[in-house]
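Written below as structure tokens is the structure these notes are about.
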Amino acid sequence: MSSTKFITLSLILGILIFPTLQSQVAYAQNANDALSFGNQAVNFGSQQYSFDPVTGVMPGTAYAAGFGSFLDNPASAALFSKSFGEFGVSFNTVNEEGLYLGNSSSLEDNQFNLSNVGMVYKFPTERGRLVVGGGYNQHTSFNRALGFNARNENSTITDQFKIPGNTYADIAFNTFATDFGDEFGDWDESIFRVGFDEPGDFLGVRQQGEIYERGHGGEYSAFLATEFQQNLMVGVSVGILAGRFSYDRIFQEIDEFNDYNADFIDSNDDGEGDTDIDNIIFSDEIESRYSGFRGRIGALYQIGEFLNIGGSYTLPTRISVDETFDATIRSTFNNGVTFDDSIEGRFSYSVRHPSRFSIGAALDELGGLLSVSVSGEYVDYSATRIDFESDEMFEDQQIENEFISETFTPVWNLRSGVALQLNPGFTVRGGFGLSPSKFKDGNDDRYHYSLGTGFAISRNASFEIGARYSTWEENSAVYTYGDLDYSTLPDAAPPVDIRSEDAFRTVDQFQVMGTLRLRMN
């Protein structure tokens, strides 16, 4: 056996027996809270393509783009001709136009993160190629912002708190956001629906608020690629996933016309009603951290001098999610008296992500000037599964997994990029990507447009910069609520119909990445 093959097999065995690391302590959410576990499960651990300024434009399934090429296909790293190290940062910004109850509002947010840092080492070999490397790549960015301001004549967020088993039921009742629905105290009712001759009457409220989602996900990885046979590259990679996510909502309802001006709330605890509601502020926050282990294998074949074809397989991935959540309700009455109460909690669960399969082709430096790379990645989001790791929540677990199976669908994520080397020290790139909706019959297909350039700043140093613009439209729930069937009164527990108030959102995301690369040989 040649020394090159011995080193290759040794490194592959070392990677394959790399112990699976235990997840770090993390934080939680409750199944009745603002976010659906199923929706978040699909997002956590998902892989976008913000790897680095080069791979963000040029897919790496059959092409050695930037350092993050191995995330598309670890075998493509064998095409690197020199050793190098690099460091990069990214700036993300989002602007959303939200249409809620006929009123339009715009809100934006931004965040700044480390995008990639790592090293690639090309072994000197007499025949073939052997490349190893490792580092960190950010591959997912959570960056959303929704603002809204409208009068609602149909529902109130306090209708959410009266749903049986709602997490916030107690603090809502303690702050008069809800009250007894009948004289016997058999069921709870929204404070804006109490005190009328007809049960459930509602005069409307002004609603205004903001919802932010922030965070990022990345992978600490090691990879190896070699020319297993002439023109046939194979590679493997292992990585530890790590990410964080935050959901922050502040929601205010205001009796702007003093429609609610009765004296049935006892604000001073003297046994006599003396005021009514003026406004309610509800705020809740979810902080999530997740970690897991991910492995890939891939192959790439060079056909002739310019054409490459490649494919990779990402193993099913299990991540652990830990969350903390807290919420506060503050009610202010017409006489200026206020009541507030809060709740907090922790929760942990795990998510099993399905495997991913990627295929691609590339023309590499055709005529010494032009490179083209295309790829398609298949992932079945409906195969995602949640494990609440508690026998007491087995029923909830079944409900969430059924929701995932029925709601999500397999997709092919498509990417393409073109690079033109204008001279040995200057290259320009452009790309396009399509991420179809994860939802069955979804209309939120995401379109990605990218541009980039790279230029030498010295003999052994270059700077890469890339920008990506993503846009799509979607409907999403601002809050869910329970609509009681008042025709069943005076039964103690009227049936509840779960509904939601939705916003139509037009999303524009923009990301800029910059990377400094230092060549070692």
Exercise. For the stretch 376-385, does any single residue satisfy the condition of being β-branched (Val, Ile, Thr) and closer than 23 Å to residue 358 by Cβ?
Worked result: yes
Problem set entry | Cβ-Cβ under 9 Å pairs, at least 6 apart or on other chains, the stretch 485-499 side surrounded by 14 or more Cβ atoms within 10 Å (Cβ to Cβ), far side at pLDDT 70 or above and assigned to a strand (DSSP E or B) | 494/484; 496/482; 496/483; 496/484; 499/480; 499/481; 499/482; 499/483
Exercise. Right, residue 197: more than 30 Å from residue 320 (Cβ to Cβ), touching a helix residue (DSSP H, G or I) at 6+ places or on another chain (Cβ under 7 Å), free of Cβ contacts under 8 Å to residues at least 40 places away in the same chain and surrounded by fewer than 23 Cβ atoms within 10 Å (Cβ to Cβ) or not?
Worked result: no
For this session: Identify the residue in the stretch 468-502 that is of a type in the set (A, V, I, L, M) and either assigned to a loop (DSSP other than H, G, I, E, B) or at pLDDT 95 or above (or both) and, among all such residues, is nearest to the chain's Cα centre (by Cα).
Result: 493
Exercise. Within the stretch 119-137, is even one residue under 26 Å from residue 472 (Cα atoms) and either without any contact (Cβ under 8 Å) to a residue 24 or more places away in the chain or within 19 Å of the chain's Cα centre (by Cα) (or both)?
Worked result: yes
Exercise. Looking only at the stretch 54-74, which residues are touching a Ser or Thr at 6+ places or on another chain (Cβ under 7 Å), within 16 Å of residue 313 (Cα to Cα) and among the hydrophobic types (A, V, I, L, M, F, W, C)?
Worked result: 62, 70
For this session: Among the candidates 359, 404, single out the residue that is hydrophobic (A, V, I, L, M, F, W, C) and either over 24 Å from residue 295 (Cα atoms) or surrounded by 19 or more Cβ atoms within 10 Å (Cβ to Cβ) (or both).
Result: 404
For this session: Output the residues belonging to the stretch 314-344 that are on the phi > 0 side of the Ramachandran plot and assigned to a strand (DSSP E or B).
Result: none
For this session: Report the residue count in the stretch 410-447 for those that are in contact with a Ser or Thr (Cβ under 6 Å, 6 or more places away or on another chain), closer than 12 Å to residue 381 by Cβ and in a loop (DSSP other than H, G, I, E, B).
Result: 1
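The values are calculated or read from the model by the stated rules, or taken from the named source; none is laboratory data. These numbers were taken from a predicted model, which means no experiment stands behind them. With ideal geometry, Cβ positions are generated from the backbone for all residues, glycine too; neighbour counts draw on all protein chains shown.
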